[in-house]
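The values are calculated or read from the model by the stated rules, or taken from the named source; none is laboratory data. Remember, it's a predicted structure, so these values are computed and weren't measured experimentally. Here Cβ is always computed from backbone atoms with ideal geometry, including for glycine, and neighbour counts include all displayed protein chains. The protein model used for the area step is the full one, side chains on, heavy atoms only, and it has no ligands, DNA or RNA in it. Shrake-Rupley method; radii C 1.70, N 1.55, O 1.52, S 1.80 Å.
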Protein chains: 2
Amino acid sequence: MIGNVIVGQSGGPTAVINSSLAGVYQTARDRGAKKIYGMLHGIKGLLDRQYVDLSQKIRSAMEIDLLKRTPSSYLGSCRYKLPDVASDKATFEKIFAILKELEIEYFFYIGGNDSMDTIAKLSQYAEEIKSPIRFIGVPKTIDNDLAITDHTPGFGSAAKFIASTMKEIIRDGLVYDYPTVTVVEIMGRNAGWLTAASALSKSEDCEGVDLIYLPEKPFNIDMFITRVKEISASGKSVVIAVSEGIKLPDGRYVFELGQHADSVDAFGHKQMSGTASFLATKLQLELGVKARAIELSTLQRCAAHISSRTDITEAFNVGGAAVKAAFEGETGKVVVLKRVSDDPYMCITETADVRDIANVEKKVPLEWISGDDHVTKDLIHYIHPLIQAELSPIMVDGLPRHLTLNCN
Amino acid sequence: MIGNVIVGQSGGPTAVINSSLAGVYQTARDRGAKKIYGMLHGIKGLLDRQYVDLSQKIRSAMEIDLLKRTPSSYLGSCRYKLPDVASDKATFEKIFAILKELEIEYFFYIGGNDSMDTIAKLSQYAEEIKSPIRFIGVPKTIDNDLAITDHTPGFGSAAKFIASTMKEIIRDGLVYDYPTVTVVEIMGRNAGWLTAASALSKSEDCEGVDLIYLPEKPFNIDMFITRVKEISASGKSVVIAVSEGIKLPDGRYVFELGQHADSVDAFGHKQMSGTASFLATKLQLELGVKARAIELSTLQRCAAHISSRTDITEAFNVGGAAVKAAFEGETGKVVVLKRVSDDPYMCITETADVRDIANVEKKVPLEWISGDDHVTKDLIHYIHPLIQAELSPIMVDGLPRHLTLNCN
């Protein structure tokens, strides 16, 4: 008989983080775990003894399938970084006391960088106090900025939403017979993976994005305006993808330029205007073109209705592989994806030392950025398999059905 | 033998305006039209002799099916209102000369208010000069603000996108264990139909939108803040839908308040900040809550990947019915939808005098708005059938495939 399991979700949600939860839950159940708890709002909720017995909540194969299709974190999330043991041992003692109460033997945490830090600290502390509890991290983030793993679950679905939406925005943007400019702002403060996904819009039936700016390279406004002027001179409408985090050569964020030194809003506060909004206004003024800004905003991370089946499946698999690893005795590890073949695409799971992945940020390699304003074929080739195939939403009453804690 | 046909698209695009084009094209072809021309960029393009022979472009049943799934205007669009005959007879003479060159007998125009005005003027002029050409309007607009017709093709798909996306935003917004506020800005300068569609998010698996503000009622900021304060006092996160066009009791748009009297941006220009962005900042300052703004922007009108099959079918049908009416001798008419039964939902097409629909704006009836901040069950009941069922996108290489003029 396998002992009790607890699983939590942390950080910003994705479209498929619940598929990893489904993978942990179903695999732990199938492999004979006694009880499977879910911590509510991650480790922060656990510290307040907030948890549920998942077997009381997820009772059918249908519900597991709904869970895979439900965006955001079913168990709720937190943005909480564990303190260092040296500075705050009490927090660790409390966590382990609660885990003992619940007779937990296996602890899984689904999240990004900070969550991997949590796994690193808890597994280290367990070693120090000779606790037999095993701690395994399950990676997720739409940003794709985790080290070691080929890519992160969550990225493929966000990339698919972005590429699909760019195709639709391009159709919409090219409709009039005079040149317009559309600047689309995509998430990614330091890493441009998501913005790069906009390049996948180019296909037999689509002109694609004209210019792509990633945060990995400094952004030159004058060259930007010159490029837009060149393209629109032919009478063509222009569609541009910019990462929210692009910076000037002097290190300032582009969106900071939207703020006049003495300018305040009606409340007397300086406002964080968006990168796309600043650039669209700038183009309008400098080139006299009709320019508009679109922020894809949180839709990028929650649009489960157009998620990638490849991503959903891999998200489920990393959850399942985490359970297998823990049950086989591993701890202080994180499950990573390893691409064993590019064409045909094949990917397997492995485990890596969590200390090698926590707090490391993986950016787009400079050799995958072409010039200042586009990406290379290699980068497109890397993302391409990750957006393939669909898992149709289960539509009820005209809308995608989800599984939620409060409503079932 | 039936003579030549010409069809154009005008105004802002929708997710299903091409399904109406498919309806016109297929019905005209099936009923034996000699040639079927498409004007490029509407009447404005036609004045420059820009047109295509559609039978050379759309050659298979598969391409018709792709056309139904392609957002935006396949033929391009224009925002051009015909002058009055009295002030500019030359324009009318030119149009009719071009129609004569092309041996056109039937003229179809797919669009909103302004396009119906075009049909009204052309059919009136035809009557005056005793031209036998028949002019029929095909309605479209996501805004649902056309008179006489029960609803407009394009509205159902936009409503389905909004309700689906609101469900996803609500899941995303409720993820943390402290109250956050999300203000979502939805299109509709004067009519609140689209914003009202956010109410459909409430279902067995979704808490729904907490507050809904339509432009039909004056917006009271103090009451708004009080309501948000009340709801978030319970620790609950709040999701709010606001129409971009909500106005203060004194008639100013809410987004105008985002502009400090002396405030200018880095370029020395006053900026049009968004309604949602203003309200989110206001809530943050007044209540100290974490608030964010999301603008659904043009995604509302181009998200063909989650369109309503009911809407696509009706859009096709109004196109087909326009051809039938014209071929049977009608002119100066517009095809409208008539709901003959609510439960089960059944809708048929009829024709109406285009002068009764042109330049009239249909707003949400005040009796369908509940208090200041929600909509009634009757309004939800009215929209509900319009978002039902799906026409799955044809996915190629992981993305929805479209039919485009330049790429085929």
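List of remarks:
- Filter result for B:D356 (closer than 27 Å to B:S77 by Cα and open to solvent by 60 Å² or more (accessible area, probe 1.4 Å)): yes
- Considering A:N220, A:N190, the condition of being out of contact with any Lys or Arg (no Cβ under 9 Å at 6 or more places or on another chain), open to solvent by 10 Å² or more (accessible area, probe 1.4 Å) and either away from every other protein chain (no Cβ under 14 Å) or free of Cβ contacts under 8 Å to residues at least 60 places away in the same chain (or both) is satisfied by A:N220 alone.
- Qualifying residue in the stretch A:89-99 (condition: farther than 17 Å from A:N4 by Cβ and outside any helix (DSSP H, G or I)): no
- Those strands (runs of 3 or more DSSP E) lying entirely in the stretch B:162-267 with at least 3 residues touching a Phe, Trp or Tyr at 6+ places or on another chain (Cβ under 8 Å): B:238-243
- Search result, residues across the stretch B:26-65 that are in a loop (DSSP other than H, G, I, E, B) and open to solvent by less than 10 Å² (accessible area, probe 1.4 Å): B:I58
- Answer from B:R171, B:R69 - the residue that is crowded, with 20+ Cβ neighbours inside 10 Å and more than 18 Å from the chain's Cα centre (by Cα): B:R171
- Answer from B:L299, B:L285 - the residue that is touching a residue at least 40 places away in the same chain (Cβ under 8 Å) and either under 15 Å from B:I142 (Cα atoms) or assigned by TED's automatic domain parsing to the domain that holds B:G173 (or both): B:L299
- Filter result for the condition that a residue is without any contact (Cβ under 8 Å) to a residue 24 or more places away in the chain and either open to solvent by less than 20 Å² (accessible area, probe 1.4 Å) or not β-branched (V, I, T) (or both), over B:E204, B:E185: B:E204
- Count of residues meeting criterion [more than 14 Å from every other protein chain (Cβ to nearest Cβ), open to solvent by 50 Å² or more (accessible area, probe 1.4 Å) and not basic (K, R)] in the stretch A:375-404: 1
- Filter pass, A:I312 being buried (at least 18 other Cβ atoms within 10 Å of the Cβ), outside any helix (DSSP H, G or I) and within 14 Å of another protein chain (Cβ to nearest Cβ): no
- The number of residues in the stretch B:113-124 being of a type in the set (S, T, Y) and open to solvent by less than 10 Å² (accessible area, probe 1.4 Å) comes to 2.
- Residues that are assigned to a strand (DSSP E or B) and at pLDDT 95 or above within the stretch B:1-25 comprise B:N4, B:V5, B:I6, B:V7, B:G8, B:Q9, listed in sequence order.
- The stretch A:287-303, residues that are within 19 Å of A:S20 (Cβ to Cβ) and open to solvent by less than 10 Å² (accessible area, probe 1.4 Å): A:Q300, A:C302, A:A303
- Lone qualifier among A:I110, A:I142, A:I136, A:I148 - being among the hydrophobic types (A, V, I, L, M, F, W, C), buried (at least 24 other Cβ atoms within 10 Å of the Cβ), part of a loop (DSSP other than H, G, I, E, B) and touching a residue at least 12 places away in the same chain (Cβ under 8 Å): A:I142
- For the stretch A:86-96, the criterion of being closer than 27 Å to A:K130 by Cβ and of a type in the set (F, W, Y) is satisfied by at least one residue.
- Verdict on B:S87 being among the hydroxyl-bearing types (S, T, Y), open to solvent by 20 Å² or more (accessible area, probe 1.4 Å) and without any contact (Cβ under 8 Å) to a residue 12 or more places away in the chain: yes
- Taking the stretch A:161-179 as the range and being within 11 Å of chain B (Cβ to nearest Cβ) and over 21 Å from B:L403 (Cβ atoms) as the test, the residues that pass are A:F161, A:I162, A:Y178.
- Checked against the criterion of being of a type in the set (S, T, N, Q), modelled with pLDDT of 95 or more and either buried (at least 18 other Cβ atoms within 10 Å of the Cβ) or over 19 Å from B:V184 (Cβ atoms) (or both), the stretch B:227-240 contains not a single residue that satisfies it.
- Among the residues of the stretch A:274-286, those identified as more than 18 Å from A:G173 (Cα to Cα) and surrounded by fewer than 24 Cβ atoms within 10 Å (Cβ to Cβ) are A:G274, A:K282, A:L285, A:E286.
- Annotation: A:N113 fulfils all but one of (1) modelled with pLDDT of 95 or more; (2) more than 14 Å from chain B (Cβ to nearest Cβ); the unmet one is (1).
- You will find that of A:A303, A:A326, the residue that is within 14 Å of chain B (Cβ to nearest Cβ) and in contact with a Phe, Trp or Tyr (Cβ under 8 Å, 6 or more places away or on another chain) is A:A303 and no other.
- Test: residue in the stretch B:113-128 that is hydroxyl-bearing (S, T, Y), closer than 25 Å to B:M346 by Cβ and under 15 Å from the mean Cα position of the chain (by Cα): no
- Search result, residues across the stretch A:323-353 that are aliphatic (A, V, I, L, M) and either modelled with pLDDT under 95 or open to solvent by 50 Å² or more (accessible area, probe 1.4 Å) (or both): A:V340, A:M346, A:I348
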